[in-house]
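A quick write-up on the structure given underneath.
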Amino acid sequence: MRKALLCGAAAITVVGVVTACAPRSTSGSSAGASTISYSWWGGSDRTKLQDGVVAMFEKAHPQTAIKRTTTSGTDTYVTRLAVQVSGGNLPDMFQNQDRFLRQFAGSTRSLDSYIKDGTINVSNVPAEVLAAGKYNGKQLMVGTAFSFRGLFYDKKMFANAGVAAPGLTTTWDQLATKLTKVAGSKLASGTYASANLCGNDSAFYTYLRGRGDQIYSGDALGFGKSAIEAWFTYWKKLQSAKAVPPPDLQQEQQGTTTEDLMIAKKMVGLDVIPANQYTTIKGLNPNISMTSMPRGAKGSGNFLIVSGQSISSKASDPKAAAQFINFFLNDVAAEKAYKADNGIPASNTARKAVAKMLHDPQFALYDQIKSDLKPMPPQPPGNGAVIQALGQSCDAVAFNKSDVGQAADQYLAAAKSALRQ
(Lines give C-alpha, C1' and ligand atoms only; values in the text may rest on other atoms or scores of the structure.)
Protein backbone atom coordinates (compact mmCIF):
# COMPACT_ATOMS: atom_id res chain seq x y z
CA MET A 1 0.00 0.00 0.00
CA ARG A 2 1.28 3.36 -0.88
CA LYS A 3 -0.45 5.83 1.38
CA ALA A 4 -2.13 4.17 4.32
CA LEU A 5 -1.01 1.32 6.53
CA LEU A 6 -3.22 1.46 9.58
CA CYS A 7 -5.50 3.79 11.39
CA GLY A 8 -6.23 4.22 15.08
CA ALA A 9 -5.11 5.96 18.23
CA ALA A 10 -1.58 7.26 17.77
CA ALA A 11 1.02 6.49 20.40
CA ILE A 12 4.40 8.16 20.14
CA THR A 13 6.15 4.85 19.66
CA VAL A 14 3.79 3.38 17.10
CA VAL A 15 5.41 4.08 13.78
CA GLY A 16 2.76 3.00 11.30
CA VAL A 17 1.48 5.36 8.64
CA VAL A 18 -1.99 6.59 9.52
CA THR A 19 -4.29 8.49 7.21
CA ALA A 20 -7.69 10.06 7.53
CA CYS A 21 -10.21 7.32 7.95
CA ALA A 22 -13.47 8.53 6.45
CA PRO A 23 -15.07 5.92 4.16
CA ARG A 24 -15.58 6.88 0.54
CA SER A 25 -17.98 5.37 -1.98
CA THR A 26 -17.67 5.21 -5.73
CA SER A 27 -20.34 3.85 -8.03
CA GLY A 28 -19.80 0.95 -10.35
CA SER A 29 -21.24 0.93 -13.86
CA SER A 30 -25.02 0.82 -13.93
CA ALA A 31 -25.63 -1.50 -16.86
CA GLY A 32 -24.80 -4.83 -15.23
CA ALA A 33 -27.46 -7.49 -14.78
CA SER A 34 -25.88 -8.20 -11.40
CA THR A 35 -24.53 -5.67 -8.94
CA ILE A 36 -22.17 -6.68 -6.16
CA SER A 37 -20.77 -4.52 -3.40
CA TYR A 38 -17.02 -4.42 -2.76
CA SER A 39 -14.98 -2.84 0.02
CA TRP A 40 -11.25 -2.29 0.50
CA TRP A 41 -8.86 -0.10 2.44
CA GLY A 42 -6.32 2.39 1.09
CA GLY A 43 -5.71 6.05 0.39
CA SER A 44 -6.70 8.11 -2.63
CA ASP A 45 -3.90 6.72 -4.80
CA ARG A 46 -5.04 3.15 -4.20
CA THR A 47 -8.65 4.08 -4.85
CA LYS A 48 -7.70 5.34 -8.32
CA LEU A 49 -5.76 2.16 -9.06
CA GLN A 50 -8.44 -0.14 -7.67
CA ASP A 51 -11.16 1.73 -9.57
CA GLY A 52 -9.12 1.15 -12.71
CA VAL A 53 -9.02 -2.61 -12.09
CA VAL A 54 -12.77 -2.66 -11.42
CA ALA A 55 -13.41 -0.76 -14.67
CA MET A 56 -11.31 -3.30 -16.58
CA PHE A 57 -13.28 -6.16 -15.03
CA GLU A 58 -16.63 -4.54 -15.78
CA LYS A 59 -15.59 -4.05 -19.41
CA ALA A 60 -14.64 -7.72 -19.65
CA HIS A 61 -17.78 -8.78 -17.73
CA PRO A 62 -20.52 -6.35 -18.80
CA GLN A 63 -23.15 -8.42 -17.01
CA THR A 64 -21.66 -7.44 -13.64
CA ALA A 65 -21.46 -4.02 -11.98
CA ILE A 66 -19.45 -3.40 -8.81
CA LYS A 67 -20.47 -0.83 -6.21
CA ARG A 68 -17.36 0.21 -4.29
CA THR A 69 -16.69 1.56 -0.81
CA THR A 70 -13.23 2.44 0.49
CA THR A 71 -11.76 3.26 3.89
CA SER A 72 -8.27 4.72 4.24
CA GLY A 73 -6.78 2.86 7.20
CA THR A 74 -6.76 -0.82 8.09
CA ASP A 75 -7.77 -0.31 11.73
CA THR A 76 -10.82 1.73 10.78
CA TYR A 77 -11.56 -0.65 7.92
CA VAL A 78 -11.56 -3.67 10.23
CA THR A 79 -13.72 -1.84 12.77
CA ARG A 80 -16.15 -0.94 10.02
CA LEU A 81 -16.33 -4.53 8.79
CA ALA A 82 -17.07 -5.67 12.34
CA VAL A 83 -19.95 -3.19 12.56
CA GLN A 84 -21.26 -4.39 9.20
CA VAL A 85 -21.10 -8.01 10.35
CA SER A 86 -23.11 -7.10 13.45
CA GLY A 87 -25.64 -5.26 11.29
CA GLY A 88 -25.89 -8.06 8.75
CA ASN A 89 -24.75 -5.84 5.87
CA LEU A 90 -21.23 -7.05 5.14
CA PRO A 91 -20.26 -6.21 1.52
CA ASP A 92 -20.65 -9.04 -0.99
CA MET A 93 -16.89 -9.01 -1.51
CA PHE A 94 -14.22 -7.44 0.67
CA GLN A 95 -10.48 -7.10 0.95
CA ASN A 96 -9.17 -9.33 3.69
CA GLN A 97 -5.81 -10.13 5.27
CA ASP A 98 -4.35 -13.16 6.99
CA ARG A 99 -3.93 -11.18 10.20
CA PHE A 100 -7.67 -10.68 10.67
CA LEU A 101 -8.97 -13.63 8.66
CA ARG A 102 -10.16 -15.35 11.81
CA GLN A 103 -12.18 -12.37 12.99
CA PHE A 104 -14.56 -12.61 10.03
CA ALA A 105 -14.43 -16.36 9.44
CA GLY A 106 -18.01 -16.87 10.59
CA SER A 107 -19.32 -14.43 7.97
CA THR A 108 -17.07 -15.49 5.09
CA ARG A 109 -17.97 -17.91 2.32
CA SER A 110 -15.72 -20.86 1.55
CA LEU A 111 -14.06 -20.45 -1.85
CA ASP A 112 -13.11 -24.11 -2.23
CA SER A 113 -15.89 -24.92 -4.69
CA TYR A 114 -14.87 -22.03 -6.96
CA ILE A 115 -11.27 -23.18 -6.88
CA LYS A 116 -12.31 -26.75 -7.62
CA ASP A 117 -14.47 -25.82 -10.63
CA GLY A 118 -11.83 -23.43 -12.00
CA THR A 119 -13.72 -20.17 -11.50
CA ILE A 120 -10.74 -19.07 -9.40
CA ASN A 121 -7.47 -20.35 -10.85
CA VAL A 122 -4.84 -20.65 -8.13
CA SER A 123 -2.34 -22.75 -10.07
CA ASN A 124 0.16 -19.87 -10.17
CA VAL A 125 -0.14 -18.95 -6.49
CA PRO A 126 2.67 -20.03 -4.11
CA ALA A 127 1.51 -22.62 -1.60
CA GLU A 128 2.34 -20.46 1.41
CA VAL A 129 0.34 -17.53 0.00
CA LEU A 130 -2.67 -19.73 -0.68
CA ALA A 131 -2.39 -21.33 2.76
CA ALA A 132 -2.55 -17.91 4.40
CA GLY A 133 -6.19 -17.68 3.31
CA LYS A 134 -7.25 -20.89 5.01
CA TYR A 135 -8.90 -21.16 8.40
CA ASN A 136 -10.31 -24.34 9.94
CA GLY A 137 -9.61 -26.18 6.71
CA LYS A 138 -11.59 -23.78 4.50
CA GLN A 139 -10.26 -21.37 1.89
CA LEU A 140 -11.85 -18.16 3.15
CA MET A 141 -9.57 -15.76 1.25
CA VAL A 142 -7.53 -15.97 -1.92
CA GLY A 143 -4.36 -13.94 -1.56
CA THR A 144 -3.91 -11.49 -4.42
CA ALA A 145 -0.80 -9.78 -3.01
CA PHE A 146 1.73 -10.19 -0.26
CA SER A 147 4.29 -8.07 1.48
CA PHE A 148 6.67 -8.07 4.42
CA ARG A 149 8.26 -5.52 6.70
CA GLY A 150 11.40 -3.83 5.49
CA LEU A 151 14.09 -2.01 7.46
CA PHE A 152 14.22 1.42 5.82
CA TYR A 153 17.36 3.45 6.45
CA ASP A 154 18.92 6.72 5.33
CA LYS A 155 22.13 5.59 3.63
CA LYS A 156 23.53 9.14 3.62
CA MET A 157 23.15 9.45 7.39
CA PHE A 158 24.97 6.16 8.00
CA ALA A 159 27.71 7.02 5.49
CA ASN A 160 28.29 10.46 6.97
CA ALA A 161 28.61 8.86 10.41
CA GLY A 162 31.15 6.34 9.09
CA VAL A 163 28.89 3.46 10.13
CA ALA A 164 28.21 0.50 7.88
CA ALA A 165 24.55 0.38 6.92
CA PRO A 166 22.42 -2.52 8.19
CA GLY A 167 22.20 -5.51 5.87
CA LEU A 168 20.73 -8.97 5.42
CA THR A 169 22.59 -10.51 8.37
CA THR A 170 22.42 -7.62 10.87
CA THR A 171 21.19 -8.67 14.30
CA TRP A 172 19.14 -6.59 16.72
CA ASP A 173 22.19 -6.18 18.96
CA GLN A 174 24.35 -5.10 16.03
CA LEU A 175 21.68 -2.64 14.96
CA ALA A 176 21.65 -1.05 18.41
CA THR A 177 25.43 -0.64 18.22
CA LYS A 178 25.17 0.98 14.79
CA LEU A 179 22.42 3.34 15.91
CA THR A 180 24.37 4.36 18.99
CA LYS A 181 27.41 5.15 16.84
CA VAL A 182 25.30 7.16 14.40
CA ALA A 183 23.82 9.07 17.32
CA GLY A 184 27.33 9.87 18.55
CA SER A 185 28.34 11.38 15.23
CA LYS A 186 27.75 14.96 14.18
CA LEU A 187 24.11 14.70 13.20
CA ALA A 188 22.27 17.80 12.10
CA SER A 189 20.27 19.46 14.85
CA GLY A 190 16.85 17.85 15.25
CA THR A 191 17.81 14.57 13.57
CA TYR A 192 18.15 11.15 15.16
CA ALA A 193 19.49 7.75 14.21
CA SER A 194 16.12 5.99 14.37
CA ALA A 195 12.49 6.42 15.17
CA ASN A 196 11.50 4.81 18.46
CA LEU A 197 10.02 1.49 17.32
CA CYS A 198 9.04 0.18 20.74
CA GLY A 199 5.32 0.39 20.02
CA ASN A 200 5.60 -0.82 16.45
CA ASP A 201 3.89 -4.21 16.67
CA SER A 202 5.54 -5.50 13.48
CA ALA A 203 9.00 -4.73 14.84
CA PHE A 204 8.09 -6.29 18.18
CA TYR A 205 6.69 -9.44 16.57
CA THR A 206 9.84 -9.84 14.47
CA TYR A 207 11.98 -9.39 17.58
CA LEU A 208 9.98 -12.04 19.46
CA ARG A 209 10.25 -14.58 16.67
CA GLY A 210 13.98 -13.94 16.35
CA ARG A 211 14.29 -14.87 20.04
CA GLY A 212 12.39 -18.10 19.42
CA ASP A 213 9.22 -16.88 21.13
CA GLN A 214 5.73 -17.20 19.74
CA ILE A 215 3.43 -14.21 19.39
CA TYR A 216 0.39 -16.19 20.43
CA SER A 217 -0.17 -19.68 21.72
CA GLY A 218 -3.77 -20.31 20.80
CA ASP A 219 -5.71 -17.41 22.29
CA ALA A 220 -3.02 -16.58 24.86
CA LEU A 221 0.24 -14.67 24.60
CA GLY A 222 3.11 -16.88 23.49
CA PHE A 223 5.79 -15.02 25.46
CA GLY A 224 6.40 -13.92 29.02
CA LYS A 225 7.65 -10.98 31.04
CA SER A 226 11.32 -11.48 30.22
CA ALA A 227 10.68 -10.95 26.51
CA ILE A 228 8.73 -7.73 26.95
CA GLU A 229 11.27 -6.43 29.47
CA ALA A 230 14.07 -7.10 26.98
CA TRP A 231 12.18 -5.17 24.30
CA PHE A 232 11.46 -2.20 26.55
CA THR A 233 15.08 -2.16 27.74
CA TYR A 234 16.35 -2.21 24.14
CA TRP A 235 14.55 1.00 23.26
CA LYS A 236 15.14 2.65 26.63
CA LYS A 237 18.90 2.25 26.13
CA LEU A 238 18.66 3.80 22.68
CA GLN A 239 16.65 6.65 24.14
CA SER A 240 19.32 7.20 26.80
CA ALA A 241 21.95 7.28 24.02
CA LYS A 242 19.83 9.90 22.22
CA ALA A 243 19.60 7.60 19.23
CA VAL A 244 15.82 8.07 19.07
CA PRO A 245 13.82 11.29 19.33
CA PRO A 246 12.55 12.53 22.68
CA PRO A 247 9.03 11.13 23.10
CA ASP A 248 7.30 14.48 22.89
CA LEU A 249 9.12 15.30 19.63
CA GLN A 250 8.22 11.97 18.04
CA GLN A 251 4.64 12.40 19.19
CA GLU A 252 4.57 15.79 17.50
CA GLN A 253 6.48 14.97 14.32
CA GLN A 254 5.63 11.35 13.46
CA GLY A 255 2.51 12.37 11.61
CA THR A 256 -0.51 10.68 10.13
CA THR A 257 0.45 10.43 6.45
CA THR A 258 3.35 9.00 4.51
CA GLU A 259 4.63 12.52 3.95
CA ASP A 260 4.69 13.13 7.69
CA LEU A 261 6.83 10.15 8.65
CA MET A 262 10.00 11.39 10.30
CA ILE A 263 12.13 9.32 7.94
CA ALA A 264 10.39 10.93 4.96
CA LYS A 265 11.20 14.33 6.46
CA LYS A 266 14.86 13.28 6.97
CA MET A 267 14.52 13.63 10.75
CA VAL A 268 15.42 10.00 11.53
CA GLY A 269 17.67 7.53 9.78
CA LEU A 270 15.75 4.29 10.31
CA ASP A 271 12.20 2.97 10.44
CA VAL A 272 10.23 -0.26 9.95
CA ILE A 273 7.69 0.02 7.13
CA PRO A 274 5.95 -2.44 4.77
CA ALA A 275 8.27 -3.09 1.85
CA ASN A 276 5.62 -2.05 -0.67
CA GLN A 277 5.93 1.52 0.65
CA TYR A 278 9.48 1.81 -0.69
CA THR A 279 8.72 3.72 -3.88
CA THR A 280 6.61 6.30 -2.02
CA ILE A 281 9.19 6.83 0.73
CA LYS A 282 12.03 6.98 -1.79
CA GLY A 283 10.19 9.73 -3.62
CA LEU A 284 10.07 11.76 -0.42
CA ASN A 285 13.60 11.02 0.77
CA PRO A 286 16.00 10.04 -2.05
CA ASN A 287 18.58 8.87 0.51
CA ILE A 288 16.43 5.90 1.53
CA SER A 289 17.46 2.27 1.07
CA MET A 290 15.81 -0.88 2.34
CA THR A 291 17.00 -4.19 3.73
CA SER A 292 15.61 -7.10 5.71
CA MET A 293 14.52 -6.91 9.32
CA PRO A 294 17.18 -7.58 11.99
CA ARG A 295 17.81 -11.15 13.09
CA GLY A 296 17.74 -12.66 16.56
CA ALA A 297 19.61 -15.50 18.22
CA LYS A 298 17.18 -17.96 16.63
CA GLY A 299 17.32 -16.40 13.17
CA SER A 300 14.96 -14.20 11.22
CA GLY A 301 11.60 -13.37 12.72
CA ASN A 302 10.20 -11.54 9.70
CA PHE A 303 6.83 -12.61 8.43
CA LEU A 304 4.78 -12.71 5.28
CA ILE A 305 1.67 -10.52 5.19
CA VAL A 306 -0.91 -11.77 2.71
CA SER A 307 -3.75 -9.57 1.51
CA GLY A 308 -6.55 -10.92 -0.62
CA GLN A 309 -10.23 -11.00 -1.36
CA SER A 310 -13.07 -12.75 0.44
CA ILE A 311 -16.78 -13.22 -0.26
CA SER A 312 -19.52 -12.71 2.31
CA SER A 313 -21.56 -15.77 3.24
CA LYS A 314 -24.62 -13.67 2.33
CA ALA A 315 -23.29 -12.38 -1.01
CA SER A 316 -26.03 -11.68 -3.57
CA ASP A 317 -24.01 -13.13 -6.48
CA PRO A 318 -21.02 -15.08 -5.14
CA LYS A 319 -20.19 -16.47 -8.58
CA ALA A 320 -19.68 -12.95 -9.97
CA ALA A 321 -17.53 -12.08 -6.94
CA ALA A 322 -15.44 -15.21 -7.53
CA GLN A 323 -14.97 -14.16 -11.16
CA PHE A 324 -13.65 -10.79 -10.01
CA ILE A 325 -11.22 -12.45 -7.61
CA ASN A 326 -9.92 -14.59 -10.46
CA PHE A 327 -9.58 -11.51 -12.69
CA PHE A 328 -7.73 -9.50 -10.06
CA LEU A 329 -5.45 -12.44 -9.33
CA ASN A 330 -4.58 -13.60 -12.84
CA ASP A 331 -5.15 -10.84 -15.39
CA VAL A 332 -1.67 -9.50 -16.12
CA ALA A 333 -2.95 -6.23 -17.55
CA ALA A 334 -4.99 -5.62 -14.40
CA GLU A 335 -2.01 -6.34 -12.16
CA LYS A 336 0.16 -4.00 -14.20
CA ALA A 337 -2.48 -1.30 -13.86
CA TYR A 338 -2.57 -1.86 -10.08
CA LYS A 339 1.22 -1.36 -9.87
CA ALA A 340 1.77 -3.67 -6.87
CA ASP A 341 0.14 -1.04 -4.67
CA ASN A 342 -0.75 -3.52 -1.93
CA GLY A 343 2.33 -5.67 -2.27
CA ILE A 344 3.85 -8.18 -4.65
CA PRO A 345 1.28 -9.88 -6.94
CA ALA A 346 0.43 -13.36 -5.72
CA SER A 347 0.32 -14.90 -9.20
CA ASN A 348 3.78 -15.98 -10.33
CA THR A 349 2.97 -14.95 -13.90
CA ALA A 350 1.71 -11.50 -12.93
CA ARG A 351 4.58 -11.03 -10.48
CA LYS A 352 7.22 -11.50 -13.18
CA ALA A 353 5.48 -9.06 -15.51
CA VAL A 354 4.98 -6.39 -12.84
CA ALA A 355 8.54 -6.76 -11.50
CA LYS A 356 9.90 -6.20 -14.99
CA MET A 357 7.71 -3.12 -15.39
CA LEU A 358 8.31 -1.47 -12.00
CA HIS A 359 11.95 -2.31 -11.13
CA ASP A 360 10.84 -2.02 -7.48
CA PRO A 361 13.45 -3.19 -4.90
CA GLN A 362 10.79 -5.02 -2.89
CA PHE A 363 10.79 -7.75 -5.57
CA ALA A 364 14.55 -8.26 -5.38
CA LEU A 365 14.55 -8.17 -1.57
CA TYR A 366 11.77 -10.75 -1.48
CA ASP A 367 13.83 -13.09 -3.65
CA GLN A 368 16.72 -12.72 -1.20
CA ILE A 369 14.77 -13.34 2.00
CA LYS A 370 11.74 -15.43 1.02
CA SER A 371 13.10 -18.52 2.77
CA ASP A 372 13.19 -16.51 6.02
CA LEU A 373 9.62 -15.26 5.85
CA LYS A 374 7.25 -17.06 8.19
CA PRO A 375 3.45 -16.98 7.94
CA MET A 376 1.51 -14.86 10.39
CA PRO A 377 -1.21 -16.99 11.97
CA PRO A 378 -4.71 -15.46 12.24
CA GLN A 379 -4.72 -13.28 15.31
CA PRO A 380 -7.20 -13.91 18.11
CA PRO A 381 -10.01 -11.57 19.12
CA GLY A 382 -8.60 -8.76 21.23
CA ASN A 383 -5.41 -8.42 19.21
CA GLY A 384 -6.12 -4.77 18.47
CA ALA A 385 -6.30 -3.99 22.18
CA VAL A 386 -3.07 -5.96 22.73
CA ILE A 387 -1.30 -3.74 20.19
CA GLN A 388 -2.76 -0.63 21.79
CA ALA A 389 -1.53 -1.79 25.19
CA LEU A 390 1.99 -2.20 23.76
CA GLY A 391 2.02 1.42 22.62
CA GLN A 392 0.73 2.64 25.96
CA SER A 393 3.37 0.77 27.94
CA CYS A 394 6.12 1.93 25.58
CA ASP A 395 4.92 5.49 26.14
CA ALA A 396 5.06 4.96 29.89
CA VAL A 397 8.71 3.91 29.62
CA ALA A 398 9.65 6.68 27.20
CA PHE A 399 8.05 9.41 29.32
CA ASN A 400 9.59 7.94 32.52
CA LYS A 401 6.16 7.26 34.01
CA SER A 402 7.04 3.61 34.65
CA ASP A 403 10.25 1.65 34.85
CA VAL A 404 10.73 -1.33 32.57
CA GLY A 405 9.45 -3.89 35.05
CA GLN A 406 6.34 -1.91 35.91
CA ALA A 407 5.58 -1.24 32.26
CA ALA A 408 5.97 -4.94 31.45
CA ASP A 409 3.50 -5.84 34.19
CA GLN A 410 1.07 -3.21 32.94
CA TYR A 411 1.32 -4.47 29.39
CA LEU A 412 0.89 -8.12 30.31
CA ALA A 413 -2.14 -7.36 32.49
CA ALA A 414 -3.80 -5.29 29.77
CA ALA A 415 -3.00 -7.83 27.04
CA LYS A 416 -4.30 -10.78 29.03
CA SER A 417 -7.45 -8.86 29.90
CA ALA A 418 -8.04 -8.03 26.23
CA LEU A 419 -7.62 -11.65 25.20
CA ARG A 420 -10.11 -12.85 27.83
CA GLN A 421 -12.86 -10.55 26.55
- Item | Segment LYS186-GLU259, extension gain: residue separation times 0.36 nm, minus the distance between their alpha carbons | 23.7 nm
- Give, to the nearest whole percent, the P(r) tail of segment 122-260 beyond 17 angstrom, counting all Cα pairs. 70 percent
- What share of Cα pairs, in percent, lie more than 43 angstrom apart in the chain? 11 percent
- Kirkwood hydrodynamic radius for segment 163-215: how many Å is it when counted over pairs of different Cα atoms? 12.6 Å
- Add -39500 (n - 2.57) for each DSSP H run of 4 or more in the chain, then divide by its residues: what number comes out at 222 nm, to the nearest 500 deg cm²/dmol? -12500 deg cm²/dmol
- Query: Compactness ratio of segment 175-322: Cα Rg over 2.2 N^0.38 Å, N = residue count?
  - Reply: 1.27
- Could you go through segment 189-198 in sequence order and give the Karplus-derived ³J(HN,Hα) for each residue, using 6.51 cos²θ - 1.76 cosθ + 1.60 with θ = phi - 60°, rounded to whole Hz, and x for Gly and Pro? 4, x, 10, 9, 5, 8, 5, 7, 9, 4
- Provide, as a two-decimal number, the C-alpha radius of gyration of segment 51-112 over 2.2 N^0.38 Å, N being how many residues it has. 1.26
- Largest-first ellipsoid semi-axes for segment 235-383, taking √(5λ) over the Cα gyration tensor eigenvalues, angstrom: 33, 20, 18
- Task: Enter the angle in degrees (range 0 to 90, nearest 10) between the Cα long axis of helix 225-240 and the first principal axis of the Cα atoms of the chain, meaning the one along which they spread out most.
- Result: 60 degrees
- Query: Counting DSSP beta bridges in the chain, what percent are antiparallel, to the nearest 5?
  - Reply: 70 percent
- Query: In square nanometres, what is the average projected area of the Cα convex hull of segment 302-394?
  - Reply: 8.7 nm²
- Inverting the mean 1/r over all pairs of different Cα atoms, compute the Kirkwood radius of segment 261-321 and quote it in Å. 15.1 Å
- Item | Cα-based convex hull volume of segment 212-282 per residue, rounded to whole Å³ | 148 Å³
- Task: Please arrange ARG295, ARG68 by accessible surface area, largest first, computed with a 1.4 Å probe and ligands excluded.
- Result: ARG295, ARG68
- Query: Which translational diffusion coefficient, to the nearest whole µm²/s, is obtained for segment 52-211 from the Stokes-Einstein equation, given a Kirkwood hydrodynamic radius over C-alpha pairs, 4 °C and 1.567 mPa s?
  - Reply: 65 µm²/s
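The values are calculated or read from the model by the stated rules, or taken from the named source; none is laboratory data. Model, not experiment: these values are computed from the prediction. Heads up: the accessible areas ignore ligands, DNA and RNA and are worked out on the full protein's heavy atoms, side chains in. Shrake-Rupley method; radii C 1.70, N 1.55, O 1.52, S 1.80 Å.
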